[in-house]
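For reference, the structure is listed below as structure tokens.
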Amino acid sequence: MMRRREPVVGHVGRVLRVASVTDRRPYTVLYRTSDNSTLENCFYASDAFQARLLAIEFNNYIKDHPNRIVRIFSSPTC
């Protein structure tokens, strides 16, 4: 018997859709370092905002400097 997934409730009380693995696409997060060089990370996410949140969570430099993100775009592969 399959168990039903419970919906996730966001911080403002609205129900967020639980994204399955097949709903996720690769997103590239482009950011500038303190010496103004450009680096990028790739994350599988359901949208660009989730890719930004993942970048903030997993990249210490972006966590400390979230406004250094230049661009987030859907890429064909990581």
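Annotations
- Residue ID - surrounded by the most Cβ atoms within 10 Å (Cβ to Cβ), chosen from residues in the range 27-54 that are in a strand (DSSP E or B) and among the hydrophobic types (A, V, I, L, M, F, W, C): V29
- For the range 55-70, taking the residues that are touching a residue at least 24 places away in the same chain (Cβ under 8 Å), assigned to a helix (DSSP H, G or I) and among the hydrophobic types (A, V, I, L, M, F, W, C), the one that is nearest to P26 (Cα to Cα) is identified as A55.
- Residue that is modelled with the highest pLDDT, among those in the range 1-26 that are under 14 Å from the mean Cα position of the chain (by Cα) and assigned to a loop (DSSP other than H, G, I, E, B): R24
The values are calculated or read from the model by the stated rules, or taken from the named source; none is laboratory data. All values derive from a computational prediction rather than experimental measurement. Note that we place each Cβ from the backbone using ideal geometry, even for glycine, and neighbour counts take in every protein chain shown.
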